[in-house]
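Q: Below you'll find the structure I mean.
The values are calculated or read from the model by the stated rules, or taken from the named source; none is laboratory data. If you're wondering where the values come from, they're calculated on a predicted model, not measured in any experiment. Ideal geometry is used to build each Cβ from the backbone, glycine not excepted, and the neighbour counts take in all protein chains shown.
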Amino acid sequence: MPLQTFRYAACGGFNTLLDISLFFVSYNFILDKMPVNLGLIIIEPHIAAFLVGFLVTFPIGFYLSRYVVFQETSVSKRSQLGKYFMVVTGCLVLNYVFLKIFVDVWGWYPTPSKIITTFFVVAFSYISQKNFTFKTVS
């Protein structure tokens, strides 16, 4: 296994476990499975819990990717952050869509739905980060 792939798996695995843990704690204990009323909109608890996890794991994921996984790059930190944000936006959309389908349409439990969603999102993220955000220029 290439070192970069191992680093991605280790860092991504840590960040993924953190994300799922934050989702579980937020959904079950912080939000107590209740919708979040923001006045103009009401956010379902599984969507709010995924957003809580995102707020923590986004900066951690960027720094792990930048300084541990994809060290060999000629792109500036600012440029990478912009690209990283674009990829993460795609990940946000995928998370939202899969959670809506799994929980709201198919009636699955939220935490297992988040875990299954994560498999799809991780594959998309790795390919995007490697070939777009942290692409090395020869």
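Q: Can you tell me which residue in region 115-138 is modelled with the lowest pLDDT, limited to those that are outside any helix (DSSP H, G or I) and either among the β-branched types (Val, Ile, Thr) or touching a Leu at 6+ places or on another chain (Cβ under 7 Å) (or both)? Break it down into steps so the answer makes sense when it comes.
A: Step one: list which residues in region 115-138 are outside any helix (DSSP H, G or I), which gives 134-138.
If we keep only those that are either among the β-branched types (Val, Ile, Thr) or touching a Leu at 6+ places or on another chain (Cβ under 7 Å) (or both) as well, we get 136-137.
Values: Thr136: 69, Val137: 64.
That would be Val137.
Q: Of all residues in region 4-42 being within 20 Å of the chain's Cα centre (by Cα) and charged (D, E, K, R), which is nearest to Ile60 (Cα to Cα)?
A: Here is the first cut: in region 4-42, the ones within 20 Å of the chain's Cα centre (by Cα) are 4-28, 30-31.
Still in the list and also charged (D, E, K, R): 7, 19.
On the way: Arg7: 14, Asp19: 11 Å.
Checking each candidate, the answer is Asp19.
Q: I'd like the full set of residues that are surrounded by 13 or more Cβ atoms within 10 Å (Cβ to Cβ), of a type outside the set (D, E, K, R) and not in a loop (DSSP other than H, G, I, E, B), limited to region 104-114. It would help to see each step written out before you state the result.
A: In the first step, residues of region 104-114 are kept if they are surrounded by 13 or more Cβ atoms within 10 Å (Cβ to Cβ); the result is 104, 108, 110-111, 113-114.
From what's left, of a type outside the set (D, E, K, R): 108, 110-111, 113.
If the condition is that a residue be surrounded by 13 or more Cβ atoms within 10 Å (Cβ to Cβ), of a type outside the set (D, E, K, R) and not in a loop (DSSP other than H, G, I, E, B), then Pro110, Thr111, Ser113 are the ones that fit.
Q: For a quick check of your reading of the model, give me the residue pairs whose first member lies in region 100-114 and is modelled with pLDDT of 95 or more, whose second is of a type in the set (D, E, K, R) and surrounded by 15 or more Cβ atoms within 10 Å (Cβ to Cβ), with beta-carbon atoms closer than 8 Å and at least 6 apart or on different chains.
A: Val103/Glu44; Asp104/Glu44
Q: In addition: Checking Gln71 against (1) surrounded by fewer than 18 Cβ atoms within 10 Å (Cβ to Cβ); (2) at pLDDT below 90; (3) in a helix (DSSP H, G or I), only one condition comes out false. Which one?
A: Result: Gln71 passes all but (3).
Q: Then there is this: Take region 1-31 and flag every residue that is touching a residue at least 24 places away in the same chain (Cβ under 8 Å) and among the β-branched types (Val, Ile, Thr).
A: Thr16, Ile20
Q: Could you check how many residues of region 105-137 are of a type in the set (A, V, I, L, M, F, W, C) and touching a Ser or Thr at 6+ places or on another chain (Cβ under 6 Å)? Spell out the reasoning first.
A: Going through region 105-137, the residues of a type in the set (A, V, I, L, M, F, W, C) turn out to be 105-106, 108, 115-116, 119-124, 127, 132, 134, 137.
Add one more test, that the residue is touching a Ser or Thr at 6+ places or on another chain (Cβ under 6 Å), and what stays is 134, 137.
Of the residues in that region, 2 qualify.
Q: Working only within region 43-74, note down all residues that are small (Gly, Ala, Ser) and free of Cβ contacts under 8 Å to residues at least 24 places away in the same chain. Full working, then the answer.
A: Filtering region 43-74 for residues small (Gly, Ala, Ser) gives 48-49, 53, 61, 65, 74.
The answer is Ala48, and nothing else.
Q: Within region 87-103, can one find any residue that is farther than 30 Å from Asp32 by Cα and either in contact with a His (Cβ under 7 Å, 6 or more places away or on another chain) or surrounded by 15 or more Cβ atoms within 10 Å (Cβ to Cβ) (or both)?
A: So in region 87-103, the residues farther than 30 Å from Asp32 by Cα come out as 87.
Still in the running and either in contact with a His (Cβ under 7 Å, 6 or more places away or on another chain) or surrounded by 15 or more Cβ atoms within 10 Å (Cβ to Cβ) (or both): 87.
Within region 87-103, one or more residues are farther than 30 Å from Asp32 by Cα and either in contact with a His (Cβ under 7 Å, 6 or more places away or on another chain) or surrounded by 15 or more Cβ atoms within 10 Å (Cβ to Cβ) (or both).
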